[in-house]
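Asks: Here you go, one structure.
The values are calculated or read from the model by the stated rules, or taken from the named source; none is laboratory data. Just so it is clear, the model here is predicted, and its values are computed rather than measured. Every residue, glycine among them, receives a Cβ derived from its backbone with ideal geometry; neighbour counts consider all protein chains shown. Each accessible area value is taken on the protein alone, full model and side chains, heavy atoms only, with ligands, DNA and RNA left out. Shrake-Rupley method; radii C 1.70, N 1.55, O 1.52, S 1.80 Å.
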Amino acid sequence: LYLIVGEGPGENERQQGRPFVGASGALLNRAFRMIKADRSRAWITNALLCTPRDATDAQKRAARDCCKPRLEAELALFPKKPVSALGAVASHTLLGEKQSIKEMAGATYDLGDRVVVPTTHPAAILRGSEQGEDQEGGAHRGDLAFWNLAYDVGKVIRLAEGKLHRFT
């Protein structure tokens, strides 16, 4: 078992009451297929469960503070299991606002008895594609960002299976 934490529910997720069932979920499923991973082995949740549709950064921070105890309690059900944190909101909820997601993506961070691997959120990849992939360049280029997402999720899976060891 491995853990995936996203930002919060989109419109499809609100309607179906499950995480990652819309366009971002389809992209995440594509990454799972590419690395031959089984989504059913993942515990998938969100850092935020209730935010306004067009929340400001300040509103997202308030929601993050409100939802953090619930997220911590949920993750405590799975001690020592590594986490793939999809996007800035999930990464900052778990690790604090140390750096931007571009700077954190792909690195491994210790969070108590578990490892967290931040990566780009599928929605950011989709937005980048809509805006003409090189809008921001670097890790947000749609093709490269997708490969990074798949690699980072694969890293979490290998950590969970004991097939990847961290140097300390």
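Asks: Using helices alone, what [θ] at 222 nm do you get for the chain, with -39,500 (n - 2.57) per DSSP H run of 4 or more residues, divided over all residues and rounded to the nearest 500?
Replies: -14500 deg cm²/dmol
Asks: Modelled label-to-label distance, Glu103 and Glu72, 7 Å Cα→beta-carbon offset: nm?
Replies: Those two pseudo-labels are separated by 2.4 nm.
Asks: Now for a different question. Of all accessible surface on segment 1-152 at a 1.4 Å probe, what whole percent is carbon and sulfur?
Replies: On the way: 3930 of 7740 Å².
Carbon and sulfur together cover 51 percent of it.
Asks: Can you tell me the accessible area per residue over the chain, all protein chains present, probe 1.4 angstrom, in square angstrom?
Replies: Numbers: 8840 Å² over 168 residues.
Dividing the accessible area of the chain by its residue count gives 53 Å².
Asks: Rounded to the nearest 10 Å², what accessible area does Arg39 show when all protein chains are kept and the probe is 1.4 Å?
Replies: For Arg39, the solvent-accessible surface is approximately 60 Å².
Asks: Sticking with this structure for a sec: Taking R0 as 30 Å, what's the FRET efficiency between Gln16 and Asp143 from their Cβ-Cβ distance, rounded to 0.05?
Replies: Plugging the Cβ-Cβ distance into 1/(1 + (r/R0)^6) gives 0.55.
Asks: Which value, in debye to the nearest 20, describes the size of the charge dipole of segment 1-101 about its Cα centre when Lys and Arg Cβ atoms bear +1, Asp and Glu Cβ atoms bear -1, and nothing else is charged?
Replies: Charge dipole of segment 1-101: 380 debye, to the nearest 20.
Asks: How would segment 1-89 be classified by its alpha-carbon gyration tensor: rounded, prolate or oblate, with rounded meaning a/c under 1.5 and the a/b versus b/c comparison settling the rest? Don't jump to the answer; show the numbers that get you there.
Replies: Working: a/c = 2.07, a/b = 1.27, b/c = 1.63.
Since a/c reaches 1.5 but b/c is at least a/b, the shape of segment 1-89 is classed as oblate.
Asks: With labels modelled as points extended 7 Å from the Cα through the Cβ direction, what inter-label distance (nm, one decimal) is found for Leu1 paired with Asp38?
Replies: Each label point lies 7 Å from its Cα, and together they span 1.4 nm.
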